[in-house]
Amino acid sequence: MTPNAESVVPDTRQHLEDMYRRMVLIRRVEEECARAYALGKIGGFLHLYIGQEAVAVGAVAAIEPTDYVVTTYRDHGLAIAKGMSARACLAELFGKATGCSKGLGGSMHLFDEERRFMGGHGIVGAHIPLAAGIAFAAKYRGESNVTLCFFGEGAVSIGAFHEGLSLAALWKLPIVFVCENNEYAMGTPLDRSLSIADVSAKALSYGMARDRLFVTDVLDVERTMAAAVARARAGHPSLVEVRTYRFRGHSMSDPGKYRSANEVDKHKANDPLVRARRDLLALGRKEDELKALEASVEDEVQDAVRFAEASPEPDASILETATYAGPFAS
């Protein structure tokens, strides 16, 4: 349902506008990543988040800056949603010393300790117990911080998924497990990889709270995640399945021929970015105001591209600090 402009307070409109800007920023960064990869400026693997922006932005809107986020190799969107700059993100992808991991991590290993974005992890499902460990540490220290752990539906058949959920439920950890179900585990469709379509039902095995959401509205994501985060702060972990869709292939090496153009177009018709823009117009924002916002995003992205291209590559001076925990005594 489209919001009524007369019934929504200005703060709500501004909040949606802020979220829209962050979603547009993520998408434009990802589109520039695709361009740079095609030009050979980005090497290795590249997994784009195009189509899933509302998940990251809505979820991060439901937590505090001191809360933790852990995710998979499809990590650019969540890193930016958590506050990482476009400059730090793109410089890392370009392999430059000014990147968030000094150019040593690349696309799959973005990391920002200050913003409590704890990666970017390349092995499917392996980060889920690590996220449970972060939540355990917060509880052990008597902190109120919550951990959000993101993964795809392809990870829920991995043993580490069950280990992480089992321990979280047993120890009542302050964590929300978020399955970004984009309907394809690499190129394998959902009905060929899972015996049940409802991933959230797996929470029942551990006596864990669950929720499920088909994503078309970033505000719906925020509301659903806010309820799960509140449970987590009270010591009740949750499994939340968010049904989303990626518009590009699994990675830049995947042309996505296993999907029809009609299927992709059907999902693009429900693009949460288009929905947010339409809602902002209904709430009283003017077309020229939104175009100005989008132009400011474009300026930010192009500045980040220039910064990444001009930045130096890492040199031998960082070898020791990038390999060992502390300097050796001379």
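Values computed for the structure shown
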{"item": "Backbone N within the stretch 161-182 under 19 Å of label point (7 Å from Ala197 Cα along the Cβ vector)", "result": "179-182"}
{"item": "Centre separation in Å (Cα based) which lies between the stretch 63-135 and the stretch 294-320", "result": "16"}
{"item": "Farthest positive-ward along the chain dipole, Cα basis, beta-carbon charges - from Ala230, Ala295, Ala316", "result": "Ala230"}
{"item": "Long-range HN-HN contacts of Tyr68 with modeled amide H, under 5 Å", "result": "Val146, Thr147, Leu148"}
{"item": "Gaussian network model of the chain, Cα within-10 Å springs - most flexible of Asn145, Asn182, Asn262", "result": "Asn262"}
{"item": "For Lys172, net neighbour charge (Lys/Arg +1, Asp/Glu -1) across residues whose Cβ lies under 13 Å away", "result": "+3"}
{"item": "Under-5 Å amide H pairs with Leu46, H placed in peptide plane, nonlocal only", "result": "Met252, Ser253"}
{"item": "Lys, Arg +1 and Asp, Glu -1 on Cβ, resulting dipole of the stretch 5-312 about Cα centre, debye, nearest 20", "result": "540"}
{"item": "Ala97 long-range amide H proximity, modeled H, under 5 Å", "result": "Glu313"}
{"item": "Calculated from backbone phi, Karplus (6.51, -1.76, 1.60) coupling profile of the stretch 40-45 in Hz, x at Gly/Pro", "result": "x, 7, 10, x, x, 8"}
{"item": "Answer label for Cα extents along the principal axes in Å (calculated), chosen among [x] 69, 49, 42; [y] 59, 48, 37; [z] 49, 48, 41", "result": "[x]"}
{"item": "Set Lys82/Lys291; Lys41/Lys286; Lys102/Lys172; Lys96/Lys268 screened for pairs whose C-alpha atoms are more than 29 Å apart", "result": "Lys41/Lys286; Lys102/Lys172; Lys96/Lys268"}
{"item": "Separation of the Ala97 and Thr12 label points, Cα + 7 Å toward Cβ, nm", "result": "5.1"}
{"item": "DSSP bridge orientation in the stretch 5-312 - percent antiparallel, rounded to nearest 5", "result": "10"}
{"item": "Given charges at Cβ of Lys, Arg, Asp, Glu: the chain dipole, positive-most of Phe307, Ile123, Ala62", "result": "Ile123"}
{"item": "Positive-pole candidate from Tyr20, Tyr140, Ala269, dipole of the stretch 5-312, charges at beta carbon", "result": "Tyr140"}
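The numbers here are math on the coordinates, done by the rules we state, and not lab data. Quick caveat: nothing in here was measured; it's all calculated off a predicted structure. Glycine also receives a Cβ, built like all others from the backbone with ideal geometry; neighbour counts cover every protein chain displayed.
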